[in-house]
1. Which residues' amide hydrogens lie under 5 Å from the amide hydrogen of SER147, considering only partners 5 or more residues apart or on another chain, with H built in the peptide plane?
2. Helix 122-134 versus the longest principal axis of the chain: what angle, 0 to 90°, nearest 10, using Cα atoms?
3. Between beta-carbons, use under 13 Å as the cut-off and find the net charge around ILE80, counting Lys and Arg +1, Asp and Glu -1.
4. Within segment 235-271, list the residues whose amide N lies under 20 Å from a label point set 7 Å along Cα→Cβ of MET23.
5. For Cα pairs less than 8 Å apart in space and 6+ apart in sequence, what is the mean separation divided by the residue count of segment 1-69, i.e. the relative contact order in percent?
6. Would you work out the relative contact order for the chain, in percent, from Cα pairs under 8 angstrom that are 6 or more residues apart?
7. Quick one: which residues, 5 or more positions from PHE233 or on another chain, have an amide H under 5 Å from its amide H? H modelled 1.01 Å from N in the peptide plane, none for Pro or chain starts.
8. Need the full-extension length gain, THR37 to GLU164, defined as separation in residues times 0.36 nm minus the C-alpha distance. One decimal, nm.
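We did not get these values from a lab; they are worked out from the coordinates using the rules stated. A quick note: this is a predicted structure, and the numbers were derived from the prediction, not measured. Note: ideal-geometry Cβ built from the backbone for every residue, glycine included; neighbour counts use all protein chains shown.
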Amino acid sequence: MKVLITGANGFLGRNLATRLVSMGWQTDCLVYSSEVTLPDNCNIINSLQDANYDIIFHLSSYIPYHDFNSFDDDLYRINIDFTKDIISKYKKSKIIFSSSVSVYGTPQGILNEKSAYNNPNPYGLSKLCGEFLIMSCSNYSILRFSSLYGKGMNSETFLPKIIEQAKNNKKIIIYGDGSRKQDYLYIDDAVTYCLKATETKNNEIYLAVNGKSFSNLDIALNVKKYTNCSIEFSGIDNSSDFIYDNSFSVNTLQFSPEIDIEYGIKHLLLT
């Protein structure tokens, strides 16, 4: 199997490349960074090649952690325009597209694969545009990921921030009463979602989530178990709960995430 991973130097890309190389797949990894942390047996490239790939894992994405509500040129250049380049150049390849639950915008109840969009922010809109572009292809799968976590995850998100607080300050500060709920997907399960998506024959959108949502307080209490920190509450958190029903994806892909949140956080803290 000959495959291409775009965004291969990212969190998901690195872990997917490691899995594919271990499976003996011929893996081209597209990166633009000078610092590359990828397995030795993959082929690192810096531009799109004239090659016949069986599968393209299009993971490349610009995520504006500093401000999700502003329009940034990179949202178009990377999330939309580069996707156009991919589908134009590789018309015969199956494309696995890494999207985001941000396409839903502000949730209205429990979300599933067919839920309506409700005022997504610019980042969510850029991923939604990418989805519509991918749907013009003859062979694709779209994976809407929730919050990915694990060793090497982005430090700008909630879980690594409270872990840093717990380790350095012996105190976690949670905004509001800690009741806001979110879905966390362990990186190994995210990689398996990518592989399962290669096996499907129908073109579909899949909800690549854990399927169990946990409150900020639940997460903080799990971190506290292994750090002996205290937990304090501050201010107001007006963020919405994100709760999912991904039974269609579980049944179609024949895969249900295997890593529970307690094990995932323990592994993250102790390794």
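1. The answer is ASP183, LEU185.
2. The helix 122-134 is inclined about 30 degrees to the chain.
3. Numbers: positive: ARG77, LYS84, LYS127; negative: ASP72, ASP73, ASP74, ASP81, ASP85, GLU131.
That sum, taken over residues with Cβ under 13 Å, equals -3.
4. Only 249-259 pass the distance filter.
5. Relative CO of segment 1-69 lands at 42 percent.
6. Details: 515 pairs, mean separation 47.7, N = 271.
Contact order relative to length: 18 percent.
7. Under 5 Å from the amide H of PHE233 lie the amide H atoms of ILE174, each far enough along the sequence or on another chain.
8. On the way: separation 127, 0.36 × 127 = 45.72 nm, distance 2.28 nm.
Result for the pair: 43.4 nm of gain on full extension.
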